[in-house]
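Structure, as structure tokens:
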There are 2 protein chains.
Amino acid sequence: MTIERSKIKWNGWGWTAHKDPFAGRDDLWTWLAEQLGMPSLLATPARPLEEIAIADSRLNPAERQAFAAILGADRVRSDNYERAFHALGRSYYDLLRLRAGDLSVAPDAVLYPRGEAEVLSALSFASENGIAVVPYGGGTSVVGGVSAANGPFRSVVTLDLSGMDRVGEIDTVSETATAEAGIYGAALEKLLHAKGVTLGHFPQSFEFSTLGGWIAHRGAGQQSHRYGKAEDWLLAARVATPKGILTTNAFPASAAGPRLTDLIVGSEGAFGIVTEATVRLHKWPEQSDYRGYLFRDYASGIAALREAAQDEIPIAMLRLSDAEETGFYRAFGNAGKPKNLSNRLADAYLDARKFDKRACALIVGYEGRASEVISSRRRFGAVAKKLGALSLGNGPGQRWYEGRFHGPYLRDPLMDRGVGVDTLETATSWSKLDALYAAVRTALETAIRETAPMPDARGIVTCHVSHVYPSGASLYFTYIFPRALDREIAQWQTIKKAASDAIAANGGTISHHHGVGEDHLPWMAAEKGALGIEVLRAIKHTLDPNSILNPGKLIPS
Amino acid sequence: MTIERSKIKWNGWGWTAHKDPFAGRDDLWTWLAEQLGMPSLLATPARPLEEIAIADSRLNPAERQAFAAILGADRVRSDNYERAFHALGRSYYDLLRLRAGDLSVAPDAVLYPRGEAEVLSALSFASENGIAVVPYGGGTSVVGGVSAANGPFRSVVTLDLSGMDRVGEIDTVSETATAEAGIYGAALEKLLHAKGVTLGHFPQSFEFSTLGGWIAHRGAGQQSHRYGKAEDWLLAARVATPKGILTTNAFPASAAGPRLTDLIVGSEGAFGIVTEATVRLHKWPEQSDYRGYLFRDYASGIAALREAAQDEIPIAMLRLSDAEETGFYRAFGNAGKPKNLSNRLADAYLDARKFDKRACALIVGYEGRASEVISSRRRFGAVAKKLGALSLGNGPGQRWYEGRFHGPYLRDPLMDRGVGVDTLETATSWSKLDALYAAVRTALETAIRETAPMPDARGIVTCHVSHVYPSGASLYFTYIFPRALDREIAQWQTIKKAASDAIAANGGTISHHHGVGEDHLPWMAAEKGALGIEVLRAIKHTLDPNSILNPGKLIPS
């Protein structure tokens, strides 16, 4: 169930056929301009592909023929759409360049292998001939993970794995499955569902990202509290490298030295290309229950999350919005509309209960056996009640669930109107969480103000705790800001650097689930330490001695 | 709370003061001889240290002075007791040699550092001067993990970490603690208990093993189902290497490339020496409940374990003995005694319920909040009942719990009487578990018979499932056999090889929680693959370029 590349936007999010949900909603844009301290928003459409010049492919005829001999001529593509589609990922920085028509990093060809043997042969040829290879799954990286950078080489090919999407054994006794890494999330879950099981990995990019991509960037689904992050559910992998196939074992546990699977999760295509993965499954949940709570403030919400995580209440998802995010989504939903009766009544009720603008909304999801869902809901409900939270029932949970993959679609309409929007995420221990939260928020707000196009312009910075653990939690920031159109790349770099420096200075990881890519590379040396980077470099050198794989990602040069 | 080396046996298990529980129990030995098909058991006492020749220390005066300058003269020891104590670990193969007085691998000196800086300096000197270094925690390795092998070097020092036992921060907000790696299990848990928390790592060696040792060999406590294996509870480490300190991060989760902590767990002192660890804690359990069930056969017991693991019923321990182990312990307890009334009644009851010699005993342990213990007990009880098991109540659970660290004390009395006893463990997926179980059992029984000292002699082979996971389980075999005294090392090697080959051929890992050491090294290349071994070697070369650390362990040369 490969997705035709032509049906997905090459310079934005998702299906080409997807309609702008805000077309004609001028009221909304007027409201947003006000929030951003701008007199109005400008039209900033993306440049169409037809207008954009793409440099000639730097592959020579012999190289092209060699790849065609390995893959078949129809699987070696270098038309403009393929090269533009695979030039970059879907980060804010990528979108700025794609929309402006900067395709300076387009690959010289896109290869579509159909199996491990073809991947190995292509890698072997590329390694011997000094051609960079960028592995590509769904291409939804938001950190510059698939930029077609040629590094020190003359040329670069992107190796698109989406043609490798066969599912092998689904072992319902051991609750494991083995599949080729290029399979899309939706295709994989459809086959698993038919057997009554699920991987349970549902990131926001679910429809457009692949199993191999999830592994390569060490991703987390929205329900990873129940189903695990990639490092938890990946049991074993087959990895094609210029030195041959590296295989790891799917033992449930082992003491035979370090687990090599752990080196593959998060390796970002720099050590090799995951061709096949064996993953842990769960039974398809008998029941799913998503609901909302309103906490009086952020601190009481955090206390509830910590208690739930440390008491190991079986929960699928806990997502606590800070006061700004809670307020923003409420205002965004109502923007331009007259207050209806139910809104007024809700406001009055909250006032009477002394919930004010410090209130924080939580979405909690339960999945599993019906009896367990009931028991967990009761246990978490007691925690929430003890901490003074108001139950909002199923409504907010259902709305969140229905829209859980739609967030990224909001970015293109904003980008069309001179507005920038980016997200970043980190994680730290519960002890350090408050300081990290405050520091990153301040860094973002300050940097946005200082780089704004007009004196009174400002950003909207929202945050939610997206994933919780017994020892700590992740923070997911979204920031919306008026673009300084004459220096928009420098503006973003300044903001990104300010936030990332604040993360590093306050004991956070530079990424909780987006990965490293090019965007986070400058912070890797500090996070891993000099000797740690040496270790990563030694692993890479062993598997990819000519350093052809995904240049400029994961390991600082 | 360092344990004085003189208070622990240098050639056996545990406290020197521990009394032989079977002294004067000739009835028991007569019964055991019968079980082993032997006419009688021979007295095979260990040689006393005074009779054993130990070669002179190969350290030259300059080297000795250099270590003394780093550590202080009293922390550089080379008396016979220290050298004998640190020569080997506590594997069966080690005991054979220690008891026979073979101290050919005794270290040339034992170093007792008091902190990371001293470890670093000692490593640096050793690396520059070509002296092998063997890290040593409690020395309880049962796979040859601490043999003082000098590898290609003239001399070898053992670095005993037990003097590094300070506990740093106990963070009850994040439920983490940081401690020096040389701390003994009991000392660590005592300090944690005072703060209302626990690491929950209780291996059978708990009293005599250290935090660093647990990490180095990727160990599992008996209750790892609740508290995790070392790879689950280790959040971060500081590791002293000849190239300096490698530090890893304690983030609750991260997508910033592979997690370096995962390379440290199971590194067996071959990459560096863990000096400090940050670990995940749990609240001290409000309630503990251990109880027994009797399953009609092994298959129904396995079915219950799989359902409990895959349904994620919160359980601390599941330990299912096979029919042979169930029968052996029952017979061992009754050996030489006349059947009393309660035994007769129990037999009659089991007969009436049609439990026969295929019956398998399960010990299940619940720990945590009282409400959760009750809920889990009810859930697992329903599973057990559905599968036809008989509840045995708390008695068997309490007896198991009280004796949970005593097992290793049984070995020395057996060794004193011409009887060999060893254990081995593996793990695989539920799908492959039955085949693995049958193959290892057959390999052990056959090899014991073929290497036996007399034609009718035979072994006793018992097994229990010691740890369960959603995707599979571990098998823990104990085998007792009459020693062929004229070729007892070759006999053991033949049996060990037969079992290990069966494990490798049937999809098991060569170790679930004992580690690699010297004993499992021959099976590492097949398990990790040629490229995997290259990766491990590259990591070692980066951190220990002169390969002085723990020669002959972890990585095949």
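Values for this structure:
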quantity: Exceeding the 24 Å Cα-Cα cut-off - candidates B:Lys229/B:Lys357; A:Lys243/A:Lys553; A:Lys432/B:Lys283; calculated: B:Lys229/B:Lys357
quantity: Gyration tensor verdict on the stretch B:391-452 (Cα atoms; rounded if a/c is under 1.5, prolate if a/b is larger than b/c, oblate otherwise); calculated: oblate
quantity: Copy-to-copy label separations for B:Gly151, where each label sits 7 Å from Cα toward Cβ, in nm and ascending; calculated: 2.9
quantity: Trypsin sites (Lys or Arg not before Pro) restricted to the stretch B:1-110 and DSSP loop, no more than 12 other C-beta within 10 Å; calculated: B:Lys19
quantity: Per-selection metrics, the stretch A:208-301 (Cα): Rg and Dmax in Å; calculated: 16.9, 57
quantity: In Hz, Karplus ³J(HN,Hα) per residue of the stretch B:30-35 (6.51, -1.76, 1.60; θ = phi - 60°; x = Gly, Pro); calculated: 5, 4, 5, 4, 4, 4
quantity: Reachable lysines from B:Lys385, criterion Cα separation under 17 angstrom, eight or more residues apart if same chain; calculated: B:Lys354
quantity: Radius ratio Rg over Rh of the stretch B:287-404, counting only Cα atoms, Kirkwood formula for Rh; calculated: 0.98
quantity: Neighbour-count ranking [beta-carbon atoms within 10 angstrom, fewest first] of B:Glu268, A:Glu450, B:Glu372; calculated: A:Glu450, B:Glu372, B:Glu268
quantity: 3J(HN,Hα) from dihedral phi, the stretch A:10-22, Karplus parametrisation 6.51/-1.76/1.60, rounded to Hz, x for glycine, proline; calculated: 7, 10, x, 9, x, 4, 4, 6, 5, 8, 4, x, 10
quantity: Efficiency of FRET between A:Lys7 and A:Ala73 - r from beta-carbon atoms, R0 30 angstrom, step 0.05; calculated: 0.85
quantity: Signed unit charges on C-beta, dipole axis of the stretch A:287-404, positive-most listed residue A:Ala384, A:Ala335, A:Gln287; calculated: A:Ala335
quantity: Cβ-vector label at 7 Å, A:Ser557, separations to other copies in nm; calculated: 3.8
quantity: Label-zone membership for the stretch B:332-369, site B:Asp26, 7 angstrom Cα→C-beta point, backbone N under 18 Å; calculated: B:335-338
quantity: Bins of 5 Å, starting at 0 and running to the largest distance - Cα pair percent for the stretch B:59-102; calculated: 5, 20, 21, 17, 12, 12, 12, 1
quantity: Net charge dipole size for the stretch A:409-513 [Lys, Arg +1 and Asp, Glu -1 on Cβ; Debye, nearest 20]; calculated: 80 debye
quantity: Simple spin-label estimate for A:Asp356 and B:Ala17 in nanometres, 7 Å along Cα-Cβ; calculated: 6.5 nm
quantity: Lys/Arg +1, Asp/Glu -1 at C-beta; the stretch B:287-404 dipole; positive extreme among B:Ile313, B:Ile363, B:Asn394; calculated: B:Asn394
quantity: Unit Cα scatterers, Debye sum, the stretch A:409-513: log10 I(q)/I(0) for q = 0.18, 0.19, 0.24, 0.25 Å⁻¹; calculated: -0.81, -0.89, -1.23, -1.30
quantity: Globularity ratio of the stretch B:185-237, using Cα Rg and 2.2 N^0.38 Å; calculated: 1.03
quantity: Set of aspartates and glutamates with alpha-carbon distance to A:Lys190 below 20 Å, sequence-local pairs under 8 removed; calculated: A:Glu4, A:Asp165, A:Glu169, A:Asp171, A:Glu175, A:Glu180, A:Glu207, A:Glu276, A:Glu286, A:Glu367, A:Glu402
quantity: 7 Å along Cα→Cβ, label-point gaps from A:Arg358 to other copies, nm, shortest first; calculated: 6.6
quantity: Cα gyration tensor of the protein assembly as shown - equivalent ellipsoid semi-axes, whole Å, descending; calculated: 54, 34, 28
quantity: Electrostatic dipole magnitude of chain B [Cβ: Lys, Arg +1; Asp, Glu -1; Cα centre; debye, to 20]; calculated: 1200 debye
quantity: Rg over Rh, two decimals, chain A (C-alpha only, Kirkwood Rh); calculated: 0.96
quantity: Number of partner chain Cβ atoms within 10 Å, mean per residue of B:171-181; calculated: 4
quantity: Label point distance in nm, A:Ala525-B:His193, each placed 7 Å from Cα along Cα→Cβ; calculated: 4.9 nm
quantity: Point-charge dipole on Cβ atoms (K/R +1, D/E -1) for the stretch A:167-283, about Cα centre, debye to 20; calculated: 120 debye
quantity: Partners for B:Lys496 among aspartates and glutamates (Cα-Cα distance below 14 Å; same-chain residues under 8 apart left out); calculated: B:Asp94, B:Asp422, B:Glu425, B:Glu445, B:Glu450, B:Glu488, B:Glu518, B:Asp519
quantity: Helix-only mean residue ellipticity at 222 nm for the protein assembly as shown, each DSSP H run of n ≥ 4 adding -39500 (n - 2.57), per residue, nearest 500; calculated: -11000 deg cm²/dmol
quantity: Relative packing of B:384-393, B:477-486, which averages over residues the other C-beta atoms within 10 Å, highest first; calculated: B:477-486, B:384-393
quantity: Angle in degrees between helix B:430-450 and the longest Cα principal axis of chain B, rounded to the nearest 10; calculated: 80 degrees
quantity: In nm, spacing of pseudo-spin labels at B:Asp486 and A:Leu345 (7 Å Cα→C-beta vector); calculated: 9.7 nm
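All of the numbers you see were taken from the coordinates with simple rules; none came from a lab. Treat the numbers as computed from the prediction; the structure is a model and nothing was measured. Glycine gets a Cβ as well: all are built from the backbone with ideal geometry, and neighbour counts include every protein chain shown.
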